[in-house]
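Peer 1: One structure follows; several queries about it will come next.
Values in this text are rule-based calculations from the coordinates and carry no lab data. Owing to the predicted nature of the structure, the values given are computational and were not obtained by experimental measurement. All Cβ positions, even for glycine, are placed from backbone atoms using ideal geometry, and neighbour counts span all protein chains on display.
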Amino acid sequence: MYQHGCLVRSVELSSEVHEPHVCYFRKTRLIASLAIEGEVIMAKEMIVVEGGTPLIGEVKVSGAKNSALKLIAASILGGGESVIHNVPLISDITIMSKVLETLGARVSRDGHTLVIDTASVDTWETPYELVSKMRASISVLGPLVARFGEARVAMPGGCNLGARKIDMHMVGMEALGVHFETDHGYIKATTPNGLHGAYIALDFPSVGATENTMMCAVTAEGETVIENAAREPEIEDLADMLNAMGARVSGAGSPTIVVEGVPLSSLHPCEHMTVGDRIEAGTFLVGGAMMGGPVTVRGIEPGFLRMALMKLHAMGCEIDLGDDYITVFRTAALRGIDIQTLPHPGFPTDLQAQFMLLAAVAQGNSVITENVFENRFMFADEIGRMGAQVTIEDHHAFVEGVSSLQGTDVKATDLRCGAALVLAGIFAEGVTRVHKIHHIDRGYEDYVGKLSSLGAKLHREADEDIDW
Ligand code: EPZ
């Protein structure tokens, strides 16, 4: 099949191929970012950015990646056709949809709406090749155990951010009666005596551990209390969907979540609207703060970003809020800032790279402390190639503001670093080429298109065979 000036591998494309991005034929190798039958291949592309353009205007944020992925997993409990709206068009959603399909579910997409029929889910085992691509697929563990009483899920690997263990997931679910054993790189979960309510206190308010434990507790007999639970807005969104399916979850968004177990037979499919993506919104607001704006992000609950907005204001920005929008603009010079990343409602680690960029071009010095992940300063190395002055000591980054950055070749190491590097290219003098942008495609829908709508001059193009 030949289209858009390139040869698409002659394989049977799954009828649900949803977002066939551009694909390239290079020499004998086909490089495509198509979700094709059983396989998700990332494009080898780069984003080329011309520096010095303003960022002015309004963008609509997409649905939250870190909610939608778990809502898809939760649909396993509905045992029928659930409909999830405002789902972002990003590669992580494609992978999670493939995970559900390997379990036997039928997934179809209509724009930003996913229709997932899990009546036909007939296996509780997920394949390594998909789980290894995306850690979040571990989110099927809780619902599979709650529905089938067992699961066999490939152990997620580490990533650039650190070990990304799941010990807290397992401790929470063991308290509910789940027995785990590791089996050739897989985690095998069984419930020899069924699931029962329990009092659980998490060592750390882990988002994933809270989600898996909460979903597993939905059909556990009796009451479950999860203390020191994660409080992220995405946890509340997941609890809302679980309750719409007939579960009885209360306290989501607070440190104490209570789940009254219900029989599996009382659960049913539902229709749900995904909340707006607070991290995508924060990313665009940082762009507006950096260039002066005004930039408005629409489709977001401002309360999701309270701490980040406080920091923008402290750095010299003006903020205007509405029910579903935030506007940022700046007339004074950016001032340095001190930031500590913490679980919500603390400063979000997923905005750390973006704010390091702001600090790098602010007047004065800043200290950024990363408390959530053990290795999340890779952005510092890349922004340093553009002239930023950042010194890392343990989990602190000491930033000395500079007045300009120089465009050059840089590489994304994770999706937030990649998104911040593109913003850096807009600020920099000259041209910046951001490589390994498949990281960005994991969590930002049409990032180039949205930034272009704000006045940025950037485009995607095939990346040379440089092993960045
Ligand atoms: C979620 O990851 C998000 N991902 C992350 O977003 C986000 O940074 C993180 O929460 C914190 O807010 C998704 O929701 C898909 P954690 P998660 O469990 O659930 C350690 C992005 O950029 N830990 O709260 O994996 C863990 O290693 C991504 O969108 C254990 O030690 O985060 C980490 O250091 C990046 N044992 C810390 O806790 C466990 O059992 C926080 O992890 C679980 C976690």
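Peer 1: In percent, what relative contact order does the chain have, based on Cα pairs under 8 Å that are 6 or more apart in sequence?
Peer 2: Over the chain, the number comes to 18 percent.
Peer 1: Would you calculate a helix-derived [θ] at 222 nm for the chain, using -39,500 (n - 2.57) for each DSSP H run of n ≥ 4 and dividing by the full residue count, to the nearest 500?
Peer 2: -8000 deg cm²/dmol, from helical runs alone.
Peer 1: While we're here: Please go through the residue pairs Lys98/Lys457; Lys188/Lys411; Lys133/Lys311; Lys44/Lys165 and name each one whose alpha carbons sit more than 32 Å apart in this structure.
Peer 2: Values: Lys98/Lys457 34 Å; Lys188/Lys411 37 Å; Lys133/Lys311 34 Å; Lys44/Lys165 29 Å.
Long pairs (Cα-Cα over 32 Å): Lys98/Lys457; Lys188/Lys411; Lys133/Lys311.
Peer 1: Further question on the same structure: What spacing in nm lies between the two simple spin-label points modelled at Ala332 and Val115, each 7 Å away from Cα in the Cβ direction?
Peer 2: According to this spin-label approximation, the distance is 5.4 nm.
Peer 1: Compute the length gained on full extension between Glu464 and Glu174: take 0.36 nm times their separation in residues and subtract their Cα-Cα distance, giving the result in nm to one decimal.
Peer 2: Net length gain for the segment: 99.6 nm.
Peer 1: Please say if region 289-442 is rounded, prolate or oblate, where rounded means a/c under 1.5 for a ≥ b ≥ c the square roots of the C-alpha gyration tensor eigenvalues, and otherwise the choice is prolate for a/b larger than b/c and oblate otherwise?
Peer 2: rounded
Peer 1: Quick query: amide H of Ala220 versus all other amide H atoms, modeled in the peptide plane; which residues come in under 5 Å with a sequence gap of 5 or more or a different chain?
Peer 2: Amide H neighbours of Ala220, under 5 Å, 5+ apart: Val262.
Peer 1: Could you list Lys450, Lys70 in order of exposure, starting from the residue whose Cβ has the fewest other Cβ atoms within 10 Å?
Peer 2: Taking fewest neighbouring Cβ atoms as first place, the list is Lys450, Lys70.
Peer 1: Now, a different point. Sorted from largest to smallest, which semi-axis lengths in Å does the alpha carbon gyration tensor of region 329-391 give for its equivalent ellipsoid, taking the root of 5 times each eigenvalue?
Peer 2: Over the Cα atoms of region 329-391, the ellipsoid semi-axes are 19, 16, 9 Å.
Peer 1: Something else now. Amide H to amide H, which residues 5 or more places from Thr126 or on other chains are under 5 Å from it, using H placed in the peptide plane?
Peer 2: Under 5 Å from the amide H of Thr126 lie the amide H atoms of Arg152, Val153, Ala154, each far enough along the sequence or on another chain.
Peer 1: Using each residue's phi in region 348-364, evaluate 6.51 cos²θ - 1.76 cosθ + 1.60 at θ = phi - 60° and report the 3J(HN,Hα) Karplus result to the nearest Hz, with x for Gly and Pro.
Peer 2: Values per residue, Gly and Pro as x: x, 4, 6, 10, 5, 5, 4, 6, 5, 4, 4, 5, 5, 10, 8, 7, x Hz.
Peer 1: Also, quick follow-up: Using the Karplus curve 6.51 cos²θ - 1.76 cosθ + 1.60 with θ = phi - 60°, work out ³J(HN,Hα) for each residue of region 417-427 in order, rounded to whole Hz, and write x for Gly and Pro.
Peer 2: Karplus-based 3J(HN,Hα) across region 417-427 equals 4, x, 4, 5, 5, 5, 4, 4, x, 5, 7 Hz.
Peer 1: Arranged by the count of other C-beta atoms within 10 angstrom, fewest first, what order do His179, His169 take?
Peer 2: Fewest-to-most ranking of His179, His169: His179, His169.
Peer 1: Karplus couplings for region 100-111 from phi (6.51 cos²θ - 1.76 cosθ + 1.60, θ = phi - 60°), rounded to Hz, Gly and Pro as x?
Peer 2: Using θ = phi - 60°, the values come out as 4, 5, 5, 7, x, 6, 10, 10, 9, 10, 10, x Hz.
Peer 1: What is the order of Phe427, Phe284, fewest Cβ neighbours within 10 Å to most?
Peer 2: Phe427, Phe284
Peer 1: Given region 378-468, report the % of alpha carbon pairs whose separation exceeds 15 Å.
Peer 2: For region 378-468, the share of Cα pairs beyond 15 Å comes to 60 percent.
Peer 1: Counting only DSSP beta bridges with both residues in the chain, tell me the antiparallel percent, nearest 5. Before the final figure, lay out each step's value.
Peer 2: Numbers: 65 of 87 bridges.
That works out to approximately 75 percent antiparallel.
Peer 1: What percentages, rounded to whole numbers, describe P(r) for region 65-273 computed over all alpha carbon pairs with 5 Å bin width beginning at zero?
Peer 2: Calculated over all Cα pairs of region 65-273, the distribution is 1, 8, 18, 22, 23, 17, 9, 2, 0 percent.
Peer 1: Regarding the chain, what are the three Cα extents along the principal axes, ordered largest first, in Å?
Peer 2: Here the Cα extents, ordered largest to smallest, are 64, 52, 40 Å.
Peer 1: Just the number, please: percent antiparallel of the DSSP beta bridges in region 65-273, rounded to the nearest 5. Present the calculation step by step, with values, prior to reporting the outcome.
Peer 2: Numbers: 28 of 37 bridges.
In region 65-273, DSSP labels about 75 percent of beta bridges as antiparallel.
Peer 1: Along the Cα→Cβ direction, 7 angstrom out, place labels at Lys165 and Asn243. What is the inter-label distance in nm?
Peer 2: 3.4 nm
Peer 1: Give me the extension gain from Lys60 to Glu260: residue separation times 0.36 nm, minus the current Cα-Cα distance, reported in nm with one decimal.
Peer 2: Additional length available on full extension: 68.3 nm.
Peer 1: Here's another thing I want to ask about it. List every residue whose amide H lies under 5 Å from the amide H of Ala397, counting only residues 5 or more places away in sequence or on a different chain, with H placed 1.01 Å from N in the peptide plane.
Peer 2: Ile368, Thr369, Glu370
Peer 1: Around Gly261, under 9 Å between beta carbons, what's the net of Lys plus Arg minus Asp minus Glu among the other residues?
Peer 2: -2
Peer 1: Given contacts defined as C-alpha pairs under 8 Å and at least six residues apart, what's the relative contact order of region 65-273, whole-number percent?
Peer 2: Details: 486 pairs, mean separation 44.0, N = 209.
Contact order relative to length: 21 percent.
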